[in-house]
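Asker: First the structure, which I've put down as structure tokens, then a few questions once you've had a look.
The values are calculated or read from the model by the stated rules, or taken from the named source; none is laboratory data. This is a predicted model, so every value here is computed, not measured. Cβ placement follows ideal geometry from the backbone for every residue including glycine, while neighbour counts extend to all protein chains displayed.
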Amino acid sequence: MGRGAAHSHIITELLTYVGVGALIAGLLMLILNLFANVFGEAETSN
């Protein structure tokens, strides 16, 4: 398999899209957690 065929192979493209998707999802969760406290615990008053 040559270089051009390897770059357009379905497994290579699948791994690329999954990796980029995971990176974007991780960044989105980080930003939401830092600025909106979406994933934080509920505030309880004692």
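Asker: Name the pairs whose Cβ atoms lie under 8 Å apart, with the first residue in the stretch 1-21 and in a helix (DSSP H, G or I), the second surrounded by 10 or more Cβ atoms within 10 Å (Cβ to Cβ) and hydroxyl-bearing (Ser, Thr, Tyr), and 6 or more positions between them or separate chains?
Answerer: Here the result reads 6/12, each pair linking the stretch 1-21 to a residue that is surrounded by 10 or more Cβ atoms within 10 Å (Cβ to Cβ) and hydroxyl-bearing (Ser, Thr, Tyr).
Asker: Okay, moving on. Of the conditions (1) over 22 Å from the mean Cα position of the chain (by Cα); (2) at pLDDT 95 or above, residue 26 clears all except one; give me its number.
Answerer: (1)
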